[in-house]
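Below is one structure; the comments refer to it alone.
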Amino acid sequence: MATAKTLRPVKREPAATIIAAQLTEAIMDGTLAPGTQLGEAELAGQLGVSRGPLREALQRLVQQGIAVSAPHRGVFVTRLDEDDVRDIYLARTAMESAACRLVLQHDPQTTANHLEKAHRRMQSAARRGNDAALSAADMDFHQVLVEESGSPRLQRIAQTLFVETRMCLSVLTDDHPDPDALVEEHAELIEAMRDEDEERLLTLLDAHMQDAVTRLTGESAQAAPEPDAVAG
């Protein structure tokens, strides 16, 4: 007679973690718009939870920077302006550049394989003309890149930056990037990763981030200096 295996209790995530995740998703997709007050009584009723874990969840959102606490007024979804966009993408460039360097030191070919899976989803979404699916696959691509770095701290930083990025995309523009151009940009990143060409990879990544800033802020690309004006 076979010996029965010992069953272990199923671990449940703390209520505050689940609540924070649900509120974060609602902020990212624009359901809870920037400036919306996150009232405890109303949210507790909608979510069917007590105020204790809800209050803890709100504190987590404040710590992440996607909500702000105003004394004597309450907690509100953070408003993002053009300066925030520039700062978010500046931080993302630094974070993802560091991730690229770590990947190149370890196993860039395996990472390129994993990135190609997300890239295929981007291609499929672009062919279908599904902007939402394209944006989701785009974010998956960058999440995979950071995860492949193996750095827990970069991954923690990325969590907040990716939430803020999705907030930017949902509320700051209706001008979606050209799908074919976006797919091609990511293909070039994978190619540079496969070639283990750090300089080209980081240059492409920086240009990709700057393109996003230009689109989200409506800024025109900075003109290149005239040859006579170049120092040297």
Do you know which residues across region 49-76 are touching a residue at least 40 places away in the same chain (Cβ under 8 Å), farther than 13 Å from Ala15 by Cβ and assigned to a helix (DSSP H, G or I)? Leu61, Gln64
For Arg153, indicate whether it is without any contact (Cβ under 8 Å) to a residue 40 or more places away in the chain, basic (Lys, Arg), in a helix (DSSP H, G or I) and closer than 19 Å to Ala99 by Cα. yes
Out of all the residues in region 95-103, is one or more without any contact (Cβ under 8 Å) to a residue 40 or more places away in the chain and assigned to a helix (DSSP H, G or I)? no
Criterion violated by Gly35 - all others in (1) surrounded by fewer than 17 Cβ atoms within 10 Å (Cβ to Cβ); (2) part of a helix (DSSP H, G or I); (3) in contact with a Lys or Arg (Cβ under 7 Å, 6 or more places away or on another chain) satisfied: (2)
Filter region 142-153 down to residues that are buried (at least 20 other Cβ atoms within 10 Å of the Cβ) and among the aliphatic types (A, V, I, L, M) and give me whichever is nearest to Asn113 (Cα to Cα). Leu145
Can you confirm whether region 52-70 contains a residue that is more than 27 Å from Gly35 (Cα to Cα), small (Gly, Ala, Ser) and either buried (at least 21 other Cβ atoms within 10 Å of the Cβ) or outside the structural domain of Thr203 (by TED's automatic domain parsing) (or both)? no
Does Val144 satisfy being free of Cβ contacts under 8 Å to residues at least 60 places away in the same chain and of a type in the set (Val, Ile, Thr)? yes
Quick check on region 85-102. Is at least one of its residues at positive phi, in the same structural domain as Glu198 (by TED's automatic domain parsing) and more than 17 Å from the chain's Cα centre (by Cα)? no
Of everything in region 79-104, what is closer than 16 Å to Thr36 by Cα and surrounded by 18 or more Cβ atoms within 10 Å (Cβ to Cβ)? Give them in sequence order. Leu80
Yes/no for Met139 being surrounded by 14 or more Cβ atoms within 10 Å (Cβ to Cβ), under 16 Å from Met193 (Cβ atoms) and in the same structural domain as Met209 (by TED's automatic domain parsing): no
Taking Ala187 as the residue in question, decide whether it is in a helix (DSSP H, G or I), at pLDDT 90 or above, of a type in the set (A, V, I, L, M, F, W, C) and surrounded by fewer than 16 Cβ atoms within 10 Å (Cβ to Cβ). yes
Note on region 190-214: residues without any contact (Cβ under 8 Å) to a residue 24 or more places away in the chain and surrounded by 16 or more Cβ atoms within 10 Å (Cβ to Cβ) are Ala192, Leu204, His208
Could you check region 111-135 and list, in sequence order, the residues that are in contact (Cβ under 8 Å) with a residue 24 or more places away in the chain and of a type in the set (S, T, N, Q)? Thr111, Gln123, Ser135
From the set of residues in region 156-178 that are in contact (Cβ under 8 Å) with a residue 12 or more places away in the chain and either of a type in the set (Ser, Thr, Tyr) or outside any helix (DSSP H, G or I) (or both), which is nearest to Leu102 (Cα to Cα)? Thr160
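The values are calculated or read from the model by the stated rules, or taken from the named source; none is laboratory data. Predicted, not measured: the structure shown is a model, and the values here were computed from it. A quick note on method: Cβ atoms are made from the backbone with ideal geometry, for glycine too, and the neighbour counts reach across all protein chains shown.
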